[in-house]
Structures are given as C-alpha cells and as structure tokens.
Amino acid sequence: MKKINKILNSLTLLSPLAGIGFNNQYQSVQKVITENCFSFNNYANSNAEPVKMGEIWVTVDESDPTIITGYSSGEGTLEVASNITKISNNAFNGRTQISSIDFSKATSLTTIGDGAFDSAGKESSEIFIPEKLSSIGFGAFNSWIFQSIEVAEGNQHFSLATNLGPNNKILVNNPDSLWTDDSTFFQGLAYGDVMFPDNLKIISDFAFSKANINSFDFSKASSIEIIGQYAFSSAAKIKNLDFSIMKNLQEIKGNAFLDVKDFDNGIKLDFRNLTKKLTLGDCIFTSSSKINFDIIGDIVFPKLIENIPKKILPFSKLDNNIYFTSETPPTFNIDWFVTKDEFTGKIYVPSEEVKQAYLLTENFGFDSSWVLVSSNSNTGLILGLVFGLGIPILAAVGFGIWYFTKKKKNNS
C-alpha cells in the first residue's frame, strides 16, 4: 500500500498542470483502496481473468485457479463451480451483492476461509454442505440466517445434531462436541428451535452468542461435560435447564448464560448427582436487566464443587433452600450471593460442627439465624416403618394369639 501511494504521489510531481487534474483521480483511487481493502488485496494478488459463477464474477488465484480469492462484479446468486477447492479468507466479506450461495455443484470444495461470507447476504436462505467440505472458518457466515441446512450424504466431517422440524437444525462436526470455530459464533449456522442430543459433551466458547435461534432445549442433555464462556450470551430462550441430569459436568465457564432473555420452565441448580469435580466460572447467570429467574426446587452444592464463584446466585428474588453437603466448606467469593436482601429461604449444612466451620469461613456472609442443620439420620424412616408397618403387624400377631388361645380353650 505504501508503494502504491508513493507511485501516485510521484506522478503528481511530473507536471504542475498535470498534478492539478490528476490529484482528483488520486483521491478517488485512494478512497476505493481504503474502503475496499479486502477486495483490493485479493485483486492485487491475482492477475487471472475474472470467472463467472452463477450471477457473480469472482477472482481466482493466478497460480491456482481452483482457489477463489475475491469478488469482481455482479449481483445475485453465487454458484460455486465444481473445480473450486477453497474460498479464501474474507473473499466476499461485506459483499451484499451476493443474495444467496449455491454449493450444490461444489464437489471439490474442502475449505471456506475465515470471514469468507461475513456480512454478505442479507436475506434468509438455505445452505448445502457438499461432500468434501471439511473446514468452515471463523465467522465465515456471520450475519446470515439459514432457514435450513442440508449435509451431503457422503460428508464424513459434518452432521446434523438435531432436527425438530424442516427448518430447525444445528451443524456439528462430530458427535462429541459443537463445532468450535464456525458460524454459530455471532449469528450463524443455526435457526429455529434446538434440542441438544443426549450424546453431546462440549458446548464451546461463544458457540451460540447472539445466534439466530428461537430456543435451546436442555431436557435431553445428560452427557454435557463443558459449557463454554459466553456460550449462550444474549440467547432468546433457554428451556429445561436442569443440572441434576448432567452427571458428567466438569466445567461451566464465566458468563455462559449472560443476558439470556428468558429461562422457560425454570432452572434447576441441583448438582448433587455429579460424579466428577465441577469448576464454576464467574457471573454465569448475570444479566444487564433484572430478570426474575424461576429457580425450581432446592439449590444443592455438593463436595465436588470446591469453589463458589462470583455471582453464582444473582437472581432478583430467591425463596429456595440452599444445601451444602460437604463437611469441608468450599471457598466463597466475596459476592457469591448478591440477592441476600431478598432471600427468604434457609441454608442447610450437614452437622452442627460443620455449621460453625461454615459460619467462620471467609466471605460466607450469613449468621447462625440463616443456617440450619440438615437431618441425614434414619429416624424418620424407622418411625415410619414402626408406625406404618409395625402397628398392623402387631395387631395381626395379637389377633393370632387370641384366636389360637380361644380355639385351644374350646377344644378342651
């Protein structure tokens, strides 16, 4: 770029008169270069003739014409040709002239680069994932809304994790985790209502941040191990978020559910069924607006949670009881409980001795009037058996003794 500016400047010095007329042209060229740097760089790196694909003319790499480097001209549908193997980073970034993309003939396509179609099309459309496509770059389809996604039958790299209807799908690259660096980041390859499958293990960082999805349903998500940071930030709706079914959960990173608009069917913060140590990040449920979250049932923190993070309970009102089952108090962040003034429940710990340890723990923040000892004895069960079964049994035995005694007297 510096060389180009130097050449243009030197030309204006060739003649004072020429410089006057040329200066305006220079200003225009410089503006085009500045405002369209992606396309200019792609053009500068390719001396090959533009190629028409559908209604769009594209530039290709001079040394390898199977690589699309950028946009040349045209408006409408881009039909990627069968010989194309790669679409370069930012090739069509910001090109709103492209209304839709047709990959149906792209039988050789393996790679779509970072930001390749970022902020290009404006309208909702369909997308077809061809057989050999194995890599879709970071933010490749940022701002697109795909009403449906179709994956070629022979594609071994991508699959649809769920399909609640003809337009409700989500793309993943293997059965164990959500795709880590695809267009699900900031409004991408997902639309409609998504129900997570029971074999899903990882939801990666920013996976659905601001995604165009109506709702996320966790009712079957029993195998989840990791929920990434900002994974659902600004999501419209989270349904059936029940941590009691996530027995293998190992980490929920910070701001995972930041600014979620609605939690349908509430949240169950019951971690008692954990089988592995769980790390909790800060501000998991924080919100810029004060949403009255509906917490279902008891809140349970077992011994497999050793650190209670910042703002784990930021809810505007809370009347649920909180149970700590570990005899060793966890580490408490100074503002782990930010709704103390509107808390009407109680806190339960395993024993009276443990209660004193909790009360003396730094940042616990509650006095003895809030803390009760949970009963783990079998007294209730024993009494239940005595009064529930014992009395009828005793009555039956008594009747038997009376009956046989009376019979014996009559025989004598």
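The values are calculated or read from the model by the stated rules, or taken from the named source; none is laboratory data. Bear in mind the structure is a predicted one, so any value in this text is a computation, not a measurement. When we count neighbours, we look across all protein chains shown, and the Cβ atoms used for this are built from the backbone with ideal geometry, even at glycine.
Brief remarks follow.
For every residue, the table says whether it meets (1) surrounded by fewer than 24 Cβ atoms within 10 Å (Cβ to Cβ); (2) charged (D, E, K, R); (3) within 20 Å of ASN155 (Cβ to Cβ).
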| residue | (1), (2), (3) |
| --- | --- |
| ASP64 | yes, yes, no |
| SER72 | yes, no, no |
| GLU75 | yes, yes, no |
| SER82 | yes, no, yes |
| ALA91 | no, no, no |
| PHE103 | yes, no, yes |
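- Condition check for ASP282: surrounded by fewer than 19 Cβ atoms within 10 Å (Cβ to Cβ) and modelled with pLDDT of 90 or more: yes
- Failed criterion for LYS169 (all others in (1) crowded, with 16+ Cβ neighbours inside 10 Å; (2) at pLDDT 80 or above hold): (2)
- Cβ pairs under 6 Å, 6+ apart, first in the stretch 93-105 and among the acidic types (Asp, Glu), second not in a loop (DSSP other than H, G, I, E, B): ASP102/THR77; ASP102/GLU79
- Qualifying positions in the stretch 77-114 - part of a loop (DSSP other than H, G, I, E, B) and among the basic types (Lys, Arg): ARG95, LYS105
- Condition check for ASP193: modelled with pLDDT under 80, under 13 Å from the mean Cα position of the chain (by Cα) and of a type in the set (D, E, K, R): no
- Scanning the stretch 252-275 for residues that are among the polar types (S, T, N, Q), under 24 Å from TYR358 (Cα atoms) and modelled with pLDDT of 95 or more turns up at least one hit.
- Residue within the stretch 299-307 that is among the polar types (S, T, N, Q) and assigned to a strand (DSSP E or B) present: yes
- Taking the criterion of being more than 31 Å from the chain's Cα centre (by Cα) and under 20 Å from ASP61 (Cα atoms), the residues of the stretch 71-104 that qualify are TYR71, SER72, SER73, GLY74, GLU79, ALA81, SER82, ASN83, ILE84.
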